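Heads up, the thing below is written out as structure tokens.
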Amino acid sequence: MALREVLQFPDPRLKMISQPVGEITDAIRELTRDMLEVMYDEPGIGLAAPQVGEAIRLFVIDTEWSEEDAERCPQVIINPEFIHTEGKIIWEEGCLSVPDYTADVERFARVTIRATDLDGKEIVEEAEGLRAVCLQHEFDHLEGKLFIDHISRLKRGLYVKKRKKLLTETDGE
Ligand code: NI
């Protein structure tokens, strides 16, 4: 079966506010499997459901994984909320939905997240560094936000312009 397509900026569906997940159904489990497949294929370290067009509060992450050592530690995060945030950190971020671009973004340095896993069990996790950044980045997707919403208007404007030009050129082919 073909992999699900990752929506790319400026697709308006990336701006939707996602709805809480109710019962964990077979459809949710299947979506999660599909999302993990896409994440590892790209490759990426996180993918949120709205990025594949499903506006529900679910994302997958694996911050341990890299192409060199294919040790996979996937985690499914459902209905997350931050119960504690602290400090500041600047990290260079990228996103599968924001092609050909990275930028420094300021985030909380340490977070505590509460969520549900795929078995419906509660998870509470304290994270820092890359893990904390990734959790905040993926959470943003559920709120219809991209990392480029955190950068200066000038930088964002330049990217939007570049992206529109590229899309216009591709349309013309
Ligand atoms: Ni992203």
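Quick notes on this structure:
- Cα shape, segment 1-124, gyration tensor, a/c 1.5 rule: rounded
- Relative contact order (percent, whole number), segment 1-92, Cα cutoff 8 Å, 6+ residue spacing: 26
- Using θ = phi - 60° and Karplus 6.51 cos²θ - 1.76 cosθ + 1.60, couplings along segment 17-29 (whole Hz; Gly, Pro as x): 8, 7, 8, x, 7, x, 5, 8, 9, 4, 4, 5, 4
- Here the gap between Asp11 and Asp104, fully extended at 0.36 nm per residue and compared with their Cα-Cα distance, gives a gain of 31.2 nm.
- Here the label points at Glu128 and Leu166, each 7 Å from Cα along the C-beta direction, are separated by 3.5 nm in the simple model.
- Per-atom-type breakdown for the chain gives carbon and sulfur 49% of the accessible area (1.4 Å probe, protein chains only).
- Close amide H partners of Glu64, meaning residues 5 or more places away or on another chain with modelled amide H under 5 Å apart, are Cys73.
- Averaged over its residues, segment 12-171 has an accessible area of 54 Å² per residue, based on protein heavy atoms and a 1.4 Å probe.
- Around Phe108: net Lys/Arg minus Asp/Glu count, Cβ-Cβ under 11 Å: 0
- Local electrostatic count at Pro99 - Lys and Arg +1, Asp and Glu -1, tallied over other residues with Cβ under 14 Å: -2
- Highest-MSF residue in the chain out of Arg156, Arg114, Arg13 [GNM, Cα springs under 10 Å]: Arg156
- The chain - percent relative contact order, Cα under 8 Å, separation 6 or more: 22
The values are calculated or read from the model by the stated rules, or taken from the named source; none is laboratory data. Remember, predicted model here, so these are calculated numbers, not experimental data. So basically every Cβ, Gly included, is an ideal-geometry build from the backbone, and we count neighbours across all protein chains shown. The accessibility values were calculated without ligands, DNA or RNA, using every heavy atom of the protein model including side chains. Shrake-Rupley method; radii C 1.70, N 1.55, O 1.52, S 1.80 Å.
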